[in-house]
Amino acid sequence: MKYRVSALLPAGPALAMVCGLVIGPLLLLIRVSLYEPATGRGFYTPGTLSFTNYAAFADGYLLGIAGFTVGCGLAIATMVLLIAYPLGLFLSSLTARMQLIALGLILMPKTAGLLAMLFGLQRWLPRGVLATLIAEVYLVLPYAVIVIYAQLLNLDPTLRAAARGLGASSWQVFRRVTLPLSMPGMILAFQLGLMWGLGAFLGPLFLGRPNETTLAVELHRQAFEYGRWPLAATEAVGLLVLVTVAATGVPAVVQMRRVTRC
Amino acid sequence: MPSTGTNSPTAGTAPSCAATEAVRLERVSFAYGGQCVVNDVSLTIPTGAFVTILGPSGCGKTTLLRLIGGYLTPEHGQVFLQRSDVTAQPPQRRHVGMVFQNYALFPHLTVRQNVAFGLEVRGRAKASVRQQVDAVLDKVGLSPAERDRFPSQLSGGQQQRVALARALAFEPPVLLLDEPLASLDRHLREQVRLELCRIHRQSAVTTVMVTHDQEEALASSDIVGVMRAGQLLQVDSPRELYDRPRSQFVARFLGDANLIEATRLGLNQKGTVLIRPEQIRIGTEHPGRVIAVNFHGADLVAEVQCQDFVLKLRTRAISDLSVGDPIALDLPREHLWEIPDEDSL
């Protein structure tokens, strides 16, 4: 027990931050979602406790937004995976020196001002779903590439050599060795893309059409344009549920498929 | 008897088994980043032989094995497998089985799937694959209970058997073993070595093994090639190498060696002579004093200071020798082997 406590010490500042800046505000958010909407002045009716805000999810409008958000998330995750995996493969095939240069180039757009970049895209692409997806993929792609690249770099090169020695063609080596062994990295990259996509805000805000709204944009609108805090908090809780499902559900589905196959 | 190339003391020896050669290297060289790792090596390996390339770490023996397997392409020279020039062919075209030092088992596949890999990529029918996989796993002695496990669920010895089964499953004419016993403990190593010899006898596959362990090489092989700094110094039968080394390096690398200047022994010849510690007899010829005694179970190894040279003597442990004891040694003439002074280390 003594060992466990001392082992936790280095993680202390991070744990304190999680408790103070994540769990605390989260509890507060849930509490706000349980207030009744304001009837006169203010943002909610103090002293009330009700689930009426959650009934809004049964409403077609909010359900449509939630559906669009999930669709966006899945599309972004798929696009990210389709672009990041070949890029990660290419990166891992370079010499150590070239890998450093290429990594720098991939990360460079992240150092540019986010708004400047979005403004540039706005000038370049017509508003719509495609522009939204491209912007969000553009934003999350470097992280996904790094995740996949790290996974591929960890693959024992003798495994591929062994496969070739056993008679496998380059395609067979990829399909039967590289691809299955890099699956953890692919799942993580997909999960990253999905969670990023579910929380998509800047892309739809700057590049989406008004009827192509995600939950994040909608809750921003409710909270800061209309002052409907309980509804905004309810939408935020809904968004958090979606992200949690994505974070835990993707590995669970993969695990289930593995067990079924065995 | 294999032949070795221009850098070797046995250069020019005609291969007596040319008609049945399994592997031939002709003046093969390879460099990593400008540093020559394999230097002008020629070697002919007869079909069905168990050949071991022996040498210290970094001498280029694994590189030589990879050149045979096609994992590396020589900068100079040619590689022949069954008399066909395969120098430019990649490993998947060479039909050579290889057991890697770390076994390189596919962690996401079961034992059966690992062993079936080489057959499946060749498009063999499922029923035939299953039959062949079971046959080869029987051959290496892996029990049916272990066949559906993943490599991570197996011991080092079991993993070694799977790697061997996988390399043998598609019936290659040549099997390459890269330090196959290096990661096993001493007891298991001897057991697996004996099994390797049994499997080699049964399958008659031409086997090329690399190792740095001289006992392993001498005990397992029909032919041993000793390598140093990218060069094959001598290729011979284990007996020849041990009794008649052509360089001081080979003499020292293959067990304990007494290397003495011939003139110090009162011999009317130049150069250095070799006599192994177990060939020295307790007698009258060279009086001296015991300066160290090491107990080795069945044997004792004693160091004896004789005039101006030290001799190492291996004798049965029943001998009663202690440090400081006076002793006289005989060096039987029939066991003295002259080695040229060149190449001394």
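The values are calculated or read from the model by the stated rules, or taken from the named source; none is laboratory data. Note that this is a predicted model, so its numbers are computed, not measured. Using ideal geometry, Cβ is built from the backbone for each residue, glycine included, and neighbour counts are taken over all protein chains shown.
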| remark: Exactly one of B:VAL79, B:VAL96, B:VAL86 is crowded, with 21+ Cβ neighbours inside 10 Å, within 14 Å of chain A (Cβ to nearest Cβ) and in contact with a strand residue (DSSP E or B) (Cβ under 9 Å, 6 or more places away or on another chain), and that residue is B:VAL96
| Out of all the residues in the range A:183-209, which are within 14 Å of chain B (Cβ to nearest Cβ) and surrounded by 19 or more Cβ atoms within 10 Å (Cβ to Cβ)? | A:GLY185, A:MET186
| If you go through the range B:136-156 one residue at a time, do you hit one that is outside any helix (DSSP H, G or I), within 11 Å of chain A (Cβ to nearest Cβ) and among the aromatic types (Phe, Trp, Tyr)? | yes
| message | B:ALA104 - would you say it is buried (at least 16 other Cβ atoms within 10 Å of the Cβ), within 13 Å of chain A (Cβ to nearest Cβ) and aliphatic (A, V, I, L, M)? | response | yes
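Yes/no per residue for (1) within 30 Å of B:LEU119 (Cα to Cα); (2) outside any helix (DSSP H, G or I); (3) within 10 Å of the chain's Cα centre (by Cα); (4) at pLDDT 90 or above:
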residue: B:GLN158; (1), (2), (3), (4): yes, no, no, yes
residue: B:ALA165; (1), (2), (3), (4): yes, no, no, yes
residue: B:LEU188; (1), (2), (3), (4): yes, no, no, no
residue: B:GLN191; (1), (2), (3), (4): yes, no, no, no
residue: B:GLU195; (1), (2), (3), (4): yes, no, no, no
residue: B:ILE199; (1), (2), (3), (4): yes, no, no, no
residue: B:GLU215; (1), (2), (3), (4): no, no, yes, no
residue: B:VAL224; (1), (2), (3), (4): no, yes, yes, yes
| remark: Within the range A:165-182, the count of residues that are more than 8 Å from chain B (Cβ to nearest Cβ) and assigned to a helix (DSSP H, G or I) comes to 7
| query | Which residues, counting only those in the range A:148-164, are of a type in the set (Lys, Arg) and more than 7 Å from chain B (Cβ to nearest Cβ)? | reply | A:ARG160
| remark: Those residues of the range A:110-154 which are surrounded by fewer than 16 Cβ atoms within 10 Å (Cβ to Cβ), under 30 Å from B:GLY118 (Cα atoms) and either over 22 Å from the mean Cα position of the chain (by Cα) or aromatic (Phe, Trp, Tyr) (or both) amount to A:LEU153, A:ASN154
| request: Within the range A:65-95, count every residue that is surrounded by fewer than 16 Cβ atoms within 10 Å (Cβ to Cβ) and either modelled with pLDDT under 90 or of a type in the set (Phe, Trp, Tyr) (or both). | output: 1
| said: If B:THR52 satisfies all but one of (1) of a type in the set (S, T, N, Q); (2) over 18 Å from B:VAL205 (Cα atoms); (3) in contact (Cβ under 8 Å) with a residue 60 or more places away in the chain, what's the number of the condition it fails? | reply: (2)
| message | If I go through the range B:1-39 residue by residue, how many of them are on the phi > 0 side of the Ramachandran plot and at pLDDT 95 or above? | response | 1
| query | Can you name the residue in the range B:114-131 that is over 33 Å from the mean Cα position of the chain (by Cα) and aliphatic (A, V, I, L, M) and, of all such residues, is farthest from the other protein chains (Cβ to nearest Cβ)? | reply | B:ALA127
| Within the range B:182-209, can you find the residues that are farther than 30 Å from B:ARG124 by Cβ and either touching a strand residue (DSSP E or B) at 6+ places or on another chain (Cβ under 8 Å) or outside the structural domain of B:PHE117 (by TED's automatic domain parsing) (or both)? | B:ALA182
| Here are some residues: B:ARG93, B:ARG124, B:ARG83. Which one is of a type in the set (Lys, Arg) and in contact (Cβ under 8 Å) with a residue 24 or more places away in the chain? | B:ARG83
| message | I'd like to check something: does the range B:247-258 contain any residue that is within 17 Å of B:GLU334 (Cβ to Cβ) and in a strand (DSSP E or B)? | response | yes
| field | Residue that is part of a loop (DSSP other than H, G, I, E, B), in contact (Cβ under 8 Å) with a residue 24 or more places away in the chain and buried (at least 20 other Cβ atoms within 10 Å of the Cβ), where the choices are B:LEU181, B:LEU267, B:LEU233, B:LEU175 | value | B:LEU181
| query | Just for the range B:275-290: of the residues that are touching a residue at least 40 places away in the same chain (Cβ under 8 Å) and outside any strand (DSSP E or B), which one is surrounded by the most Cβ atoms within 10 Å (Cβ to Cβ)? | reply | B:ILE280
| Test for B:SER220: is it in contact with a His (Cβ under 9 Å, 6 or more places away or on another chain) and away from chain A (no Cβ under 14 Å) | yes
| task | Could you tell me whether B:THR211 is more than 14 Å from chain A (Cβ to nearest Cβ), touching a residue at least 60 places away in the same chain (Cβ under 8 Å) and within 19 Å of B:ALA104 (Cβ to Cβ)? | result | yes
| query | Is it the case that some residue within the range B:291-305 is part of a loop (DSSP other than H, G, I, E, B), on the phi < 0 side of the Ramachandran plot and surrounded by fewer than 17 Cβ atoms within 10 Å (Cβ to Cβ)? | reply | yes
| query | If we only count helices (runs of 4 or more DSSP H) wholly inside the range A:39-157, which ones have 3 or more residues that are under 30 Å from A:SER170 (Cβ atoms) and either free of Cβ contacts under 8 Å to residues at least 40 places away in the same chain or of a type in the set (A, V, I, L, M) (or both)? | reply | A:60-92, A:96-111, A:129-153
| query | Within the range A:35-54, is there a residue that is of a type outside the set (Ser, Thr, Tyr), surrounded by 17 or more Cβ atoms within 10 Å (Cβ to Cβ) and within 24 Å of the chain's Cα centre (by Cα)? | reply | no
